[in-house]
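What follows is a set of notes on a single structure, which appears directly below.
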Amino acid sequence: MSANVVIVGGGHAGGQAVASLRQGGFDGDITLVTAEQSLPYQRPPLSKAYLAGELPRERLLMRPSAFYEGAGVDVRLGIEVTGLDAGHRSLTLSDGGQLTYDHMILATGGRPRPLPCPGADHPAVHYLRTIADVDAMRPRFVPGACIVIVGAGYIGLEVAAVAIKHGLRPVVLEMAPMVLARVASPEVAGFFENVHRGAGVDLRTGVAVSAIEDRDGKAVVVSTAGDRIEADLVVAGVGLLPNVELAQAAGIDCDNGIVVDAFCRASASGVYAVGDCSNHPSRLYGRRLRLESVHNALEQAKTAAADICGKPLAYDQVPWFWSDQYELKLQTAGLSQGYDQVVIRGNMAMRSFAAFYLKDGRLLAVDAVNRPAEFTLAKRWIWDRKAPSPQQLGDDSIEAKALAV
Amino acid sequence: MTKITFIEFNGTERSVDAENGQSLMRSAVDNLVPGIDGDCGGACACATCHCYIEGPLAGKLPEIGEAERSMLEMVEGVTAASRLACQITVSGDLEGLVVRTPQSQH
């Protein structure tokens, strides 16, 4: 009897794992258990076209249901894994069922960090992680509505852009002194702040939420600056907590995510962890990372599947992300933490530029706005650890692909 | 619906009834055609939906945009027939289109 695989979690990583296992020749049983009432779907459109009402729900699926039938996958929708016995390789499910596994891929992702203030349970407060989240906020996401967005990370800024386009009046509160505080330089953050303010967003940095009160069903957001902002809808995007509880309770090593090696193997035999929930080593950056990105989820799923199929390939990728706000396409490659030099290429006023981040002369990362060539090239330079000189990087009179490495 | 034929690198042919208004990438993925990945979901951000389109119908395709061109320039095995499938919308004009997929998308 051939081995079986249980995949816990039906997000990008879980969905990709199914495809990669079959493509890799795995012919044993595959069971996909997901707490959501949906087959694996694309999350990025949730804060973009889906929120804007421009994309029907069916178009969100990563693969149609016919794919899972054809691949002989046992899909359990709306089922949570309530217990894991790593020693006996068995799982208990929320419907009372049990599963055993030869291999298990934990693709449990994360959940939005709850707002830590009093009144965060007001019905007007919403988070944005799942289709259900967006469906729940939609009745209040209407033209003329006042929406307070807490957190100016990618989610908050994308929601603000959609809100403006949709005729809402967004107020964005960001605790840090600038937007995209964890990921962007002051130059790039400043650019986005200008764009959003120019579009009509009431953006307030250095402001957090002290409490949320109620007034006739509307939320009143009390800020640390002393303002009381009445809101029809509050959307909080203040970070993601990795879903490690199942692994942790089973005695599997966790530290800012489920700890895995370069092949996505966790500390218990037969167990893998992939995607937002995993903490993995980065050869490129010489440290462990927990990355919240579609690319990481897909690539780690492929890595785990390859190992299960007996063709192990160490995970070794340049992290990359993208964010669409208004007509701007922000593409980021690499991780900029620790940079000591920023080189700007192009024209911020024209909304066409790239910010290169270097440390000790080595290119770490790039933030490219409407500059797909710079993004794609920099991804290769970061990988090769060979890049044009800072002076060349900043010289927009030379075409990017002509720059000497 | 529009008939599109996908030809894999190993020569396997598959004809699908593609929905008008959807991207070529979505048509491939939804019809379980191997050889086209579309990792970024069609955001023109990953170049894993690279394909080759030749012949008279190629003239009916939308012009390559700047973003698509930049992404294609970095792809292995790029030729004058290369396109990103996520940037092409299926319509009746493309009835009988033949799309070849590369050996690998990575």
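The values are calculated or read from the model by the stated rules, or taken from the named source; none is laboratory data. Not measured: the values here are computed from a predicted model. Positions of Cβ are generated from backbone atoms using ideal geometry, with glycine treated the same way; all protein chains shown enter the neighbour counts.
Within region A:108-188, considering only strands (runs of 3 or more DSSP E) that don't extend past its boundaries, which have at least 2 residues that are among the hydrophobic types (A, V, I, L, M, F, W, C) and either free of Cβ contacts under 8 Å to residues at least 12 places away in the same chain or touching a strand residue (DSSP E or B) at 6+ places or on another chain (Cβ under 8 Å) (or both)? Hits in region A:108-188: A:146-150, A:169-174. Whether a residue is touching a strand residue (DSSP E or B) at 6+ places or on another chain (Cβ under 7 Å), outside the structural domain of A:Pro143 (by TED's automatic domain parsing) and not in a loop (DSSP other than H, G, I, E, B) was assessed, and A:Arg22 does not pass this test. Applying the criterion of being touching a residue at least 24 places away in the same chain (Cβ under 8 Å) and closer than 19 Å to A:Gln341 by Cα to the residues of region A:387-401, the residue that is surrounded by the fewest Cβ atoms within 10 Å (Cβ to Cβ) is A:Asp395.
Note on region A:346-376: among residues that are crowded, with 21+ Cβ neighbours inside 10 Å and in contact with a Pro (Cβ under 9 Å, 6 or more places away or on another chain), the one that is farthest from A:Arg283 (Cα to Cα) is A:Phe356.
Filtered by the rule that a residue be within 10 Å of chain B (Cβ to nearest Cβ), surrounded by 12 or more Cβ atoms within 10 Å (Cβ to Cβ) and not in a loop (DSSP other than H, G, I, E, B), region A:56-101 gives A:Arg59, A:Leu60, A:Leu61, A:Phe67, A:Gly70.
What residue, among those in region A:390-405 that are part of a helix (DSSP H, G or I) and modelled with pLDDT of 95 or more, is nearest to the other protein chains (Cβ to nearest Cβ)? Of everything passing the filter in region A:390-405, A:Leu393 is nearest to the other protein chains (Cβ to nearest Cβ).
Screening A:Asp316, A:Asp367 for residues that are assigned to a strand (DSSP E or B) and touching a Leu at 6+ places or on another chain (Cβ under 8 Å) leaves exactly one candidate, A:Asp367.
A search for C-beta distances below 6 Å between a residue of region A:1-12 that is hydroxyl-bearing (Ser, Thr, Tyr) and any residue that is part of a loop (DSSP other than H, G, I, E, B), counting only pairs 6+ apart in sequence or on different chains, returns A:Ser2/A:Gly28. Selection of first residues in region A:325-339 that are within 14 Å of chain B (Cβ to nearest Cβ) and surrounded by fewer than 21 Cβ atoms within 10 Å (Cβ to Cβ) and of second residues that are outside any loop (DSSP other than H, G, I, E, B) and among the polar types (S, T, N, Q), restricted to Cβ pairs under 9 Å at least 6 apart or on distinct chains, gives the following pairs, ordered by first then second residue: A:Lys329/A:Ser323.
Note on region B:63-86: residues that are in contact with a Ser or Thr (Cβ under 7 Å, 6 or more places away or on another chain) and more than 11 Å from chain A (Cβ to nearest Cβ) total 2.
When A:Gly310 is tested against (1) touching a residue at least 12 places away in the same chain (Cβ under 8 Å); (2) within 30 Å of A:Ala273 (Cα to Cα), exactly one condition is not met: (1). Does B:Gly42 qualify as being within 12 Å of another protein chain (Cβ to nearest Cβ) and either more than 22 Å from A:Ala373 (Cα to Cα) or part of a helix (DSSP H, G or I) (or both)? No, not satisfied. Restricting the search to region A:63-99, which residues are closer than 27 Å to B:Ile36 by Cα, small (Gly, Ala, Ser) and touching a residue at least 40 places away in the same chain (Cβ under 8 Å)? Residues satisfying the conditions are A:Ala71, A:Gly72.
Residues being β-branched (Val, Ile, Thr) and either touching a Pro at 6+ places or on another chain (Cβ under 9 Å) or not in a loop (DSSP other than H, G, I, E, B) (or both) are represented in region A:382-389 by at least one member.
Report yes if A:Ala13 is among the aliphatic types (A, V, I, L, M), away from chain B (no Cβ under 14 Å) and within 17 Å of A:Ala297 (Cβ to Cβ), otherwise no. Reasoning before the result, please.
On the way: among the aliphatic types (A, V, I, L, M): yes; away from chain B (no Cβ under 14 Å): no; within 17 Å of A:Ala297 (Cβ to Cβ): yes.
It is false that A:Ala13 is among the aliphatic types (A, V, I, L, M), away from chain B (no Cβ under 14 Å) and within 17 Å of A:Ala297 (Cβ to Cβ).
When the test is whether a residue is hydroxyl-bearing (Ser, Thr, Tyr), over 23 Å from A:Ala333 (Cβ atoms) and touching a residue at least 60 places away in the same chain (Cβ under 8 Å), B:Ser15 does not pass it.
For region A:305-339, the set of residues classified as aliphatic (A, V, I, L, M) and touching a helix residue (DSSP H, G or I) at 6+ places or on another chain (Cβ under 6 Å) consists of A:Ala305, A:Leu313, A:Val318, A:Ala333, listed by residue number.
When A:Val244, A:Val207 are screened for being assigned by TED's automatic domain parsing to the domain that holds A:Tyr127 and either touching a strand residue (DSSP E or B) at 6+ places or on another chain (Cβ under 7 Å) or within 30 Å of A:Leu91 (Cβ to Cβ) (or both), only A:Val207 passes. Considering only residues in region A:267-291 that are in a loop (DSSP other than H, G, I, E, B) and surrounded by 19 or more Cβ atoms within 10 Å (Cβ to Cβ), the one that is farthest from the chain's Cα centre (by Cα) turns out to be A:Ala268.
The single condition among (1) buried (at least 21 other Cβ atoms within 10 Å of the Cβ); (2) closer than 26 Å to A:Lys302 by Cα that B:Ala18 does not meet is (2). Checking region A:31-42 against the condition returns a match, with at least one residue being in contact with a strand residue (DSSP E or B) (Cβ under 8 Å, 6 or more places away or on another chain), within 13 Å of chain B (Cβ to nearest Cβ), part of a strand (DSSP E or B) and touching a residue at least 40 places away in the same chain (Cβ under 8 Å).
State the number of residues belonging to region A:320-362 that are in a strand (DSSP E or B) and within 19 Å of the chain's Cα centre (by Cα). Break it down stepwise before answering.
First, pick out the residues of region A:320-362 that are in a strand (DSSP E or B): A:320-325, A:328-334, A:341-347, A:352-359, A:362.
Next, only the ones that are within 19 Å of the chain's Cα centre (by Cα) stay: A:320-325, A:328-334.
Number of matching residues: 13.
Quick one: which of A:Arg362, A:Arg371, A:Arg380 is at pLDDT 95 or above and outside the structural domain of A:Glu292 (by TED's automatic domain parsing)? Explain how you work it out, then say what you get.
Numbers: A:Arg371 fails: at pLDDT 95 or above; A:Arg380 fails: at pLDDT 95 or above.
Of the residues listed, the single one that is at pLDDT 95 or above and outside the structural domain of A:Glu292 (by TED's automatic domain parsing) is A:Arg362.
Restricting attention to region A:40-81, which residues are within 18 Å of the chain's Cα centre (by Cα) and closer than 12 Å to A:Gly10 by Cα?
From region A:40-81, those within 18 Å of the chain's Cα centre (by Cα) are A:40-51, A:60-62; that's our starting set.
Matches in region A:40-81: A:Pro40, A:Tyr41, A:Gln42, A:Arg43, A:Leu61, A:Met62.
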